[in-house]
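Enquirer: Provided herewith is a single structure, encoded as structure tokens, for subsequent inquiry.
Each value in this text was obtained by applying a stated rule to the coordinates, not by laboratory testing. Model, not experiment: these values are computed from the prediction. Note: ideal-geometry Cβ built from the backbone for every residue, glycine included; neighbour counts use all protein chains shown.
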Amino acid sequence: MKKQLTYIAVAFLFTGMLSAQKIDLNAMPKAGPTPAINIAKPKTFQLKNGLTVMVVENNKLPRVNMSLSMDRQPYFEGPVVGVSEIMADQLGNGTTTLSKDEFNKKVDFLGANLGFNSGGASSNSLSKYFPEVLNLMADAIINPKFSADEIQKSKERSIEGIKSEEKNASSIASRVSNALVYGKNTARGEFETIESINKIQLADVQNVYKKYYAPDNAYLVIVGDVKFDKVKPMVEKAFANWKKANTTFASLEPAANVGKTEINVVDVPTAVQSVVSVGNINNLKMKDANYFPATIANYILGGGGEARLFMNLREKNGFTYGAYSNMTASKYSPEFSADASVRNEVTDKAVKEFMNEINGISTVKADELANAKAKLKGSFIMSLEQPATIARFAVSQKVNDLPEDFYTNYLKSIDKVTAADVSNAVKATVYPNQSRIFIAGKASDISEGLEKLGYPVKYYDSNANPVAKPTAQKVDASVTVASVADKYIAALGGKANLAKVNSYAVNASMSMQGQTIDIKNVKAQGGKELNLVSMGAMTLQKQVFDGKAGYSEQQGQKVPMTKEEIADRMKNTELFEELGFAKSADLKIAGIEKVGGEDSYVVKGGDTTYYYSVKSGLKTGETKTVKANGQELTIPTLYSNYKDVAGVKMPYTITVSQMGMDMTMEVKSIEINQAKDADFK
């Protein structure tokens, strides 16, 4: 009873305090004063070969992070562009003292992470294994084992990567936009091709290593559970034999913004979304007075889910899943850009909204400014929890010639920014009237709307070469939906052979993030269908329709199909849906387009568009528009590598593009007339 009375008394006391203080529980708490920041200052020394070493002692955890970075300007690779990445791929592939297997076994045994790139290296390990990991990193850097066989394997992987991105609008946009801004025959604008990768030889790899992978202007930052006095002699011994390159760099080729804003379009016929990027180059440096105001302006414009671009293009208009901007105060390529992937049909509208927001960012509201400051300060404070941040700050301070107190005063610098400062910084870094509006998308769908916006529109191919405006091919008047369907059915094997098929089961697999995903699709007469996606023994997703009803199952939860979904499936219950095309009044011929490299007839119907090769008649692809999370999403699928199965041709390679990623399914087997009613339960 006494304890109960105590609780009641405390409750009354608390209620009285709330009343006395008039606290509004629905109000956002006010931010407290800006905290003082204490960033560990590294102890520094330099080797005779030019390598600067920074050590930050942090004994909270028994771990050590190493980060090696090289401060060098971009360099021109010319006919063998891509050679630096091929070279970096060899590091860690064994050394002149350790075979590839021996090297990898040592790293695995130590439980360490050790990685290399064309501009440095990094590692993460337990502190007790740090000396061994340091020596392994140094061995890989100083004594790389370059072999023609391993280089050939790297080239093959690189070529596969290039091929997989040939139809990817995002990859094309990144490559071509840089080439247009800086020039395709310059250090900052060149890009790798299958031809350039094929030209790379052992001597090219050895040459780029000797000239550019060197300790001159390089920084090794060691953060973690170490003692400086012990680390210094270890590093001096490990890297003593790393030789200076003394490479001289030619001045970077000059680059300038366009005199007047223009639209640059690369035609990607298979694209169902346009990749839109608006940008300009500038002279912003981290040590400039405009740096913090420009950073805040960028955050307000496109720094996250509450920024102006996101709220406009996604929340208000539903054009995209996300729209963002970026202000890069790079030492060698400072620039501003704003980007999003939008549906083809709203590309012109999205460009208009981009320009409206960019033109308006020179004026910011007091609450926007306060919110941006709070978010940027919070992100900065949180980043200090990561050892890699200390390493990044230490190198940045040296490379960008920043004041020693730049990061300790970071929060104060943000606090000092005024709305007027933001306006002045925007005028010095964002040029709405001298921007390139770069778009990689389906020109036949987007050109007409873009040309009405009032900007000059120029067209380029995927290698950044100027081309004439793509024009749609005319379809002969004799071509109808029925004739296209008949040619497709004949190409598959003819109606007689198709009539013998009452079901088929396709078993396929694809690789995603190192995991093998298995896909099974079973279809039978009457519209019956089973789709099963699994990884090993685990079912990821299942969808079943028995001809009358169905359900979707994911993570153990079943969701029945809606009446609308069932009605949609019942529109055409043919096992090969083209057999029912003649009965449909919704379908129409909509032109000829390139799909998978082939001229293809376009047949549109409702939320699905079908493509059939003009030459062979086979289906080359289809796109389907679905709604998800309040957004419309168009999913394209490509079909190729047809093979005969019991007298009927079936595609053995199926590529689905979703969220900017191509997922290729390779068919392992196709079973004809083996399905049972139990498959659809």
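Enquirer: Assuming 1.567 mPa s and 4 °C, estimate D for the range 174-265 with Stokes-Einstein, Rh taken as the Kirkwood radius over Cα pairs, in µm²/s.
Expert: 73 µm²/s
Enquirer: Tally Lys/Arg at +1 and Asp/Glu at -1 over every other residue whose Cβ is under 12 Å from the Cβ of ALA329; what's the total? List each step's numbers first, then the result.
Expert: Details: positive: LYS285, LYS287, LYS331; negative: ASP288, GLU335.
Result for the local shell: +1.
Enquirer: If one computes the Cα centroid of the range 357-406 and of the range 262-289, what distance in Å separates the two points?
Expert: With the range 357-406 and the range 262-289 each reduced to a Cα centre, they are spaced 23 Å.
Enquirer: In Å and from the alpha-carbon atoms only, list the Rg and Dmax of the range 225-295.
Expert: Considering the range 225-295 through its Cα atoms, Rg and Dmax are 23.5, 61 Å.
Enquirer: Right, here's the next one. Among SER170, SER447, rank each residue by its count of other Cβ atoms within 10 Å, from fewest to most, as a rough exposure measure.
Expert: Ranking SER170, SER447 by Cβ neighbours within 10 Å, fewest first, gives SER170, SER447.
Enquirer: How much FRET efficiency would the formula 1/(1 + (r/R0)^6) give for LYS495 and ASP461, where r is the Cβ-Cβ distance and R0 is 35 Å, rounded to 0.05?
Expert: 0.25
Enquirer: Among 306-313, 53-60, 401-408, what's the highest-first ranking by average C-beta atoms within 10 angstrom per residue?
Expert: Going from most to least packed, we get 306-313, 53-60, 401-408.
Enquirer: Fewest first, what order do ASP101, ASP139 take by the number of other Cβ atoms within 10 Å?
Expert: Placing the least packed residue first, the sequence is ASP101, ASP139.
Enquirer: Quick one: Karplus J couplings for the range 232-249, per residue in order, coefficients 6.51, -1.76, 1.60, θ = phi - 60°, nearest Hz, x for Gly and Pro?
Expert: 3, x, 5, 5, 4, 6, 5, 10, 4, 8, 7, 8, 5, 9, 6, 6, 9, 10
Enquirer: Can you flag which of LYS604/LYS643; LYS163/LYS619; LYS128/LYS244; LYS153/LYS331; LYS145/LYS199 are past 23 Å Cα-Cα?
Expert: The pairs that break the limit, which is 23 Å between Cα atoms, are LYS604/LYS643; LYS128/LYS244; LYS153/LYS331.
Enquirer: Could you give the alpha-carbon Rg of the range 43-238 over 2.2 N^0.38 Å, rounded to two decimals? Don't jump to the answer; show the numbers that get you there.
Expert: Working: Rg = 18.4 Å, N = 196, 2.2 N^0.38 = 16.3 Å.
Output field value: 1.13.
Enquirer: So what's the net charge close to LYS100: Lys and Arg +1, Asp and Glu -1, counting the other residues with Cβ under 13 Å from its Cβ?
Expert: Charge balance in the 13 Å sphere: -3.
Enquirer: Also, quick follow-up: How much length is gained on full extension from GLU306 to LYS128, taking 0.36 nm per residue of separation minus their Cα-Cα distance?
Expert: 59.6 nm
Enquirer: I would also like to ask the following. Just the C-alpha atoms of the chain: what Rg/Rh do they give, with Rh taken as the Kirkwood radius?
Expert: Taking Rg over the Kirkwood Rh, I get 1.02.
Enquirer: Also: Tell me, in nm to one decimal, what length is gained between ASN326 and SER534 on full extension, where the rule is 0.36 nm per residue of separation less the Cα-Cα distance?
Expert: Details: separation 208, 0.36 × 208 = 74.88 nm, distance 3.82 nm.
This chain segment gains 71.1 nm when fully extended.
Enquirer: Tell me, what is the percent relative contact order of the range 209-315, built from C-alpha pairs under 8 Å that lie six or more residues apart?
Expert: Relative contact order of the range 209-315: 19 percent.
Enquirer: Still on this structure: With runs of 4+ DSSP H residues as the only contributors, calculate the mean residue ellipticity of the chain at 222 nm using -39,500 (n - 2.57) per run, divided by the residue total and rounded to the nearest 500.
Expert: Working: 19 runs with 218 residues, N = 681.
Rounded to the nearest 500, the figure is -10000 deg cm²/dmol.
Enquirer: Could you tell me the ratio Rg/Rh of the range 262-467? Both radii from Cα atoms, Rh via Kirkwood.
Expert: 1.01
Enquirer: Kindly express, to the nearest 10 degrees and within the range 0 to 90, the angle between helix 419-429's C-alpha long axis and the longest C-alpha principal axis of the chain.
Expert: Taking the Cα atoms of the chain, the angle to 419-429 is about 70 degrees.
Enquirer: Here's another thing I want to ask about it. Could you compute the FRET efficiency for SER333 and THR608, with r as their C-beta to C-beta distance and R0 at 35 Å, rounded to 0.05?
Expert: 0.25
Enquirer: Taking R0 as 22 Å, what FRET efficiency do you get between VAL656 and GLN554 from their Cβ-Cβ distance, rounded to the nearest 0.05?
Expert: 0.80
Enquirer: Ranked by Cβ crowding within 10 angstrom, fewest neighbours first, how are SER423, SER251, SER330 ordered?
Expert: So the residues, fewest neighbours to most, are SER251, SER330, SER423.
Enquirer: Something else: Given an 8 Å cut-off on Cα distances and at least 6 residues of separation, report the relative contact order of the range 262-467 as a percent.
Expert: Numbers: 344 pairs, mean separation 86.1, N = 206.
The value is 42 percent.
Enquirer: Can you grab the distance from the C-alpha centre of the range 638-674 to the C-alpha centre of the range 325-349, Å, no decimals?
Expert: One Cα centre to the other: 36 Å.
Enquirer: Output wanted: per-residue J couplings in Hz (rounded whole) for the range 470-480, from phi through Karplus 6.51 cos²θ - 1.76 cosθ + 1.60, θ = phi - 60°, x for Gly and Pro.
Expert: Ordered by residue, 3J(HN,Hα) equals x, 10, 6, 6, 7, 9, 4, 4, 7, 7, 10 Hz.
Enquirer: Quick check on the range 481-680: what does the Kirkwood estimate of hydrodynamic radius come out to from the alpha carbon pairs, in Å?
Expert: 17.8 Å
Enquirer: Compute the relative contact order of the chain as a whole-number percentage, counting only Cα pairs closer than 8 Å that sit 6 or more residues apart in sequence.
Expert: The normalised contact order for the chain reaches 13 percent.
Enquirer: What distance in nm separates the simple spin-label points at SER383 and LYS237, each placed 7 Å from Cα in the Cβ direction?
Expert: 3.7 nm
Enquirer: What whole number of Å gives the distance from the Cα centroid of the range 52-120 to the Cα centroid of the range 159-211?
Expert: First find each Cα centre; the distance between them is then 22 Å.
Enquirer: State, in angstrom, two size descriptors of the range 576-681 derived from its alpha carbons: Rg to one decimal place and Dmax to the nearest whole number.
Expert: Cα-based Rg and Dmax for the range 576-681 come out at 15.4, 43 Å.
Enquirer: Would you mind checking the tilt of helix 387-399 against the longest principal axis of the Cα atoms of the chain, expressed as 0 to 90 degrees and rounded to 10?
Expert: That helix lies at roughly 70 degrees to the long axis.
Enquirer: Then there's this: Largest first and in whole Å, give the semi-axes of the range 321-443's equivalent ellipsoid, each being the square root of 5 times a Cα gyration tensor eigenvalue.
Expert: 31, 18, 15
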